[in-house]
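Asker: Please see the structure below; I have some questions.
Coordinate-derived values only; no laboratory data. Computed from a prediction, not measured in an experiment: that's the story for all the values here. So basically every Cβ, Gly included, is an ideal-geometry build from the backbone, and we count neighbours across all protein chains shown.
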Amino acid sequence: MSLTHNTPSAFVAIYGGSFDPPHYAHSEIIRTLCEDERYWHIIIMPTYANPLKAPPLFSPSERLEMCKVLCRQYNRAYPPKIPPAYSQEPCLPRVALSDYEIAQNRPVFTIESISALQEHFKSLYPCVQFAFVLGSDSFATLDRWHKPQALCEMLKFVLIERETPSNITLQCKPQVLDSISLCAYNTLSSTTIRLLLANGRIDEALAMIPKSIHTLIKRHFL
């Protein structure tokens, strides 16, 4: 389907996180975004480090490689979409990996990453809009982020539904584009997987992780 100038569905969905390691819930979120016609391009952006969390178990290069495998997996299943109207640029893969935050070799504010991506995409695809994908628990803390109001003016949000009160009141007035319910995967967490791996329960951990990255997980523990 060709997108017209007035089509509101030319969104770049930016999905950030530690991905330490990626698991089936991450994979399901990517699949859901690929299935939605509004998201013309999906960017997976691993963080370098989260100052509010313990240091990652897997190195930045390992997490990038695991996310790269997931990108290849979904690009085989979902062909590129036609670029937003009036753009002469070629089609991009449906799912792409951004190493922007990891390449900075330091924790990066979300607004910095979004600004860099917008600067790149707006010059090539002027009609494109942006959506940031995050858990509802993180969304509830948005007022405490760096420059939250400026961030809210730059994009819309796609919420991953978790056990968070639905009556969230935020001063920064974000626009919520959509929400994603994980259903069977809602209880999966990288924290649980890391604990299993740390205790040598490799097979239990692998049961929560896409098979396409099992080899990379095992290599870490050789």
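Asker: Less than 12 Å apart at the alpha-carbon level, and either on another chain or at least 8 residues along: which aspartates and glutamates does that give for K156?
Answerer: D178
Asker: Mind jotting down the three principal axis lengths of the stretch 11-186 based on Cα atoms? Whole angstrom, largest first.
Answerer: Principal-axis extents of the stretch 11-186 (Cα, largest first): 41, 35, 35 Å.
Asker: Place the peptides 60-72, 209-221 in order of packing, highest mean first, counting for every residue the other Cβ atoms within 10 Å and averaging per peptide.
Answerer: 60-72, 209-221
Asker: Can you flag which of K147/K211; K53/K218; K81/K173; K53/K81; K81/K147 are past 28 Å Cα-Cα?
Answerer: K147/K211; K81/K173; K53/K81; K81/K147
Asker: Given Cα pairs under 8 Å that are at least 6 residues apart, what percent is the relative contact order of the chain?
Answerer: Worked out over the chain, it gives 24 percent.
Asker: Continuing with the same structure: At a Förster radius of 30 Å, what calculated FRET efficiency corresponds to the Cβ-Cβ distance of R201 and R72, to the nearest 0.05?
Answerer: Approximately 0.60, to the nearest 0.05.
Asker: Full extension from E153 to N50: what is 0.36 nm times the residue separation minus their Cα-Cα distance, to one decimal in nm?
Answerer: 34.7 nm
Asker: Ok, one more. If amide H atoms are built 1.01 Å from N in the plane of the peptide, which residues on other chains or at least 5 residues away come under 5 Å of the amide H of I14?
Answerer: Placed amide hydrogens put I43, A131, F132, V133 under 5 Å from I14.
Asker: Next question, about the same structure. What does the helix-only formula give at 222 nm for the chain: each DSSP H stretch with n ≥ 4 adding -39500 (n - 2.57), the total divided by the residues, and the result rounded to the nearest 500 deg cm²/dmol?
Answerer: Helix contribution divided over all residues of the chain: -10500 deg cm²/dmol.
Asker: Give me the distance between the Cα centres of the stretch 166-195 and the stretch 26-77, rounded to whole Å.
Answerer: 16
Asker: Suppose the chain between E161 and S179 were pulled fully straight at 0.36 nm per residue; how much longer would it get relative to their current alpha carbon spacing?
Answerer: 5.8 nm
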